[in-house]
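The values are calculated or read from the model by the stated rules, or taken from the named source; none is laboratory data. Worth saying up front: this structure is predicted, and the values here are computed from it rather than measured. Cβ: placed from backbone, ideal geometry, glycine included. Neighbour counts: every protein chain shown.
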Amino acid sequence: MARLTLEDVGALAGVSRSTVSRVINNESSVRPEVRARVEAVISQTGYAPNAAARSLASNRTGVIGLVIPSHVSNLFEDPYFARLIQGVTLGAKQISSTLTLFLFESEEEEREVSPRVVESGFLDGVIVTATRPGNSLMRKIASTDLPLVAIGRPGIDGVPYVDVDNRAGAFQAATFLREHGYERCGYIGGPLNTSTGEDRLAGFIDGLAEFNSALPNDLRAFGDFSEPSGYDAMSELLDHSPDAIFAASDGMALGAIRRIHDAGLSVPDDIAVIGFDGFTLGEASEPSLTTLEQPVSATGSLAVELLHKMLGDRSTPFTPSVLPVQLIRRASA
């Protein structure tokens with residue numbers, strides 16, 4: 001059987017070829033009853049538009065990029081990025097787009113490859129994880145006409161983004177600890193050159209301030225969100241006798257618990273611990289980890305949805321989407 005054409009579908013639906021094209025490209029200028037008639041013919045005949053022709057007609061390729069900038073050394077061990085990529089992939093499927101993943105081992109490689117991301121012409125738009133505010137690659141993309149959405153606060157004016165409420169989550173961790181009688185609350189944070197690291201530290205300090213408490217320097221230590229870095233950071237804090245720790249990732253919280261146990265102390269009897277992520281590894285820890293659960297997969301899907309809206313209407317200013325986090329109470333605090 002010969003392949004159906006736009007003209008064939010139009011003839012069966014009693015409309016023009018251009019109307020069928022507008023329906024396929026989901027343009028808003030088609031009356032609902034006409035759209036329904038064309039879609040019924042497409043469903044009944046099993047018509048599938050030629051991808052190359054559709055790309056030319058719509059000026060789109062059906063490909064979006066996910067860029068994870070350099071210095072994410074523990075990418076494939078970090079549950080965060082696994083869930084994020086899963087969410088972005090799901091979102092791409094929902095808009096019938098193909099996802100291309102860009103990873104960089106170093107800043108030098110990022111500089112070499114970034115022109116291909118920006119100038120290739122085969123991407124409809126780009127999602128960039130804002131691991132560092134004001135990232136140079138993100139600035140370069142933002143200066144072009146390529147639609148851009150950031151995951152995480154980008155630190156660049158005018159760039160729409162999706163994030164979780166890191167500051168409010170850390171605030172909640174601080175108030176939870178103080179309300180339950182913990183006096184010397186320590187903090188294990190992520191790198192301060194990341195928006196996540198900045199926001200979780202600021203939120204924790206604000207939460208302590210609600211109880212006229214401060215976060216002294218000797219109760220602050222920093223890692224890179226990984227479990228080994230949490231272990232090392234906890235080693236720094238033990239000499240200063242904290243009775244509770246808020247770690248800015250579940251990985252660092254589990255490293256802190258391991259270090260506390262190695263010191264012959266108990267969690268939570270001697271030191272309570274709260275994490276931030278809500279990944280399943282915290283459920284299986286001993287004791288199970290109290291944590292702030294963030295909707296990582298939903299963040300990725302929402303970023304794709306926002307990018308898709310930008311492709312349909314570039315003139316509308318888009319406000320940031322910030323998703324709430326939830327305190328999950330378990331045994332560690």
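Restricted to region 292-321, and to residues that are in contact with a helix residue (DSSP H, G or I) (Cβ under 7 Å, 6 or more places away or on another chain) and among the hydrophobic types (A, V, I, L, M, F, W, C), which residue is nearest to Phe276 (Cα to Cα)?
Leu292
For region 175-196, which residues satisfy the criterion of being over 29 Å from Asn135 (Cβ atoms) and in a helix (DSSP H, G or I)?
Thr175, Phe176, Leu177, Arg178, Glu179
Does region 210-224 include one or more residues that are in contact with a Ser or Thr (Cβ under 7 Å, 6 or more places away or on another chain) and in a loop (DSSP other than H, G, I, E, B)?
The answer is yes; a qualifying residue exists.
If the Cβ limit is 6 Å and pairs must be 6+ apart or interchain, which residue in region 142-157 that is within 12 Å of Gly65 (Cα to Cα) and at pLDDT 90 or above pairs with which residue that is of a type in the set (Ser, Thr, Tyr) and crowded, with 17+ Cβ neighbours inside 10 Å?
Ala150/Tyr161
So which residues in region 277-301 are out of contact with any Ser or Thr (no Cβ under 6 Å at 6 or more places or on another chain), closer than 23 Å to Ile85 by Cβ and modelled with pLDDT of 90 or more, if there are any at all? Before you say what the answer is, go through the steps one by one.
The first filter runs over region 277-301 and keeps only residues out of contact with any Ser or Thr (no Cβ under 6 Å at 6 or more places or on another chain), leaving 279-281, 283-286, 288, 291-301.
Filter again for closer than 23 Å to Ile85 by Cβ, leaving 279-281, 283-284, 291-301.
Listed by number, the residues that qualify are Thr291, Leu292, Glu293, Gln294, Pro295, Val296, Ser297, Ala298, Thr299, Gly300, Ser301.
Condition (residue is of a type in the set (Asp, Glu), surrounded by 22 or more Cβ atoms within 10 Å (Cβ to Cβ) and either closer than 21 Å to Thr129 by Cβ or modelled with pLDDT of 95 or more (or both)) applied to region 201-223: is it met by at least one residue? Give the steps one after another, and end with the answer.
We begin by selecting, within region 201-223, every residue of a type in the set (Asp, Glu); these are 206, 210, 218.
Add one more test, that the residue is surrounded by 22 or more Cβ atoms within 10 Å (Cβ to Cβ), and what stays is none.
The answer is no, given that none of the residues of region 201-223 is of a type in the set (Asp, Glu), surrounded by 22 or more Cβ atoms within 10 Å (Cβ to Cβ) and either closer than 21 Å to Thr129 by Cβ or modelled with pLDDT of 95 or more (or both).
Which ones in region 80-111 are surrounded by 15 or more Cβ atoms within 10 Å (Cβ to Cβ) and at pLDDT below 85?
The answer is Phe102, Leu103, Phe104, Glu110.
Would you please list the contacts, defined by Cβ atoms under 8 Å and residues six or more apart or on different chains, that run from a residue in region 203-223 that is over 15 Å from Ala244 (Cβ atoms) to a residue that is of a type in the set (Lys, Arg)?
Short answer, once both residue conditions are applied: Gly203/Arg167; Asp206/Arg167; Glu210/Arg178.
Restricting the first residue to region 175-190 and requiring it to be free of Cβ contacts under 8 Å to residues at least 40 places away in the same chain, which pairs with a second residue that is crowded, with 17+ Cβ neighbours inside 10 Å and not in a strand (DSSP E or B) meet a Cβ separation below 7 Å and a spacing of at least six or different chains?
Taking only residues 6 or more apart or on different chains, the pairs are Thr175/Gly207; Arg178/Leu208; Arg178/Ser213.
Where in region 230-333 are there strands (runs of 3 or more DSSP E), lying fully within it, with 3 or more residues that are closer than 23 Å to Arg153 by Cβ?
272-277, 290-293, 321-323
Listed residues Val72, Val15; which is part of a loop (DSSP other than H, G, I, E, B) and modelled with pLDDT under 80?
Answer to the check: Val72.
Of the numbered conditions (1) modelled with pLDDT under 90; (2) part of a strand (DSSP E or B); (3) not β-branched (Val, Ile, Thr), Pro115 fails exactly one; give the number of that condition.
Looking at each condition in turn, Pro115 falls short on (2).
So Leu177 passes all but one of these: (1) within 21 Å of the chain's Cα centre (by Cα); (2) buried (at least 18 other Cβ atoms within 10 Å of the Cβ). Which condition number does it fail?
Here Leu177 clears every test but (1).
In the list Arg314, Arg330, which residue meets the criterion of being in the same structural domain as Pro160 (by TED's automatic domain parsing) and basic (Lys, Arg)?
Testing whether each residue is in the same structural domain as Pro160 (by TED's automatic domain parsing) and basic (Lys, Arg) leaves just Arg314.
Checking the conditions here, which among Asp157, Asp163 is surrounded by fewer than 21 Cβ atoms within 10 Å (Cβ to Cβ) and among the charged types (D, E, K, R)?
Answer to the check: Asp157.
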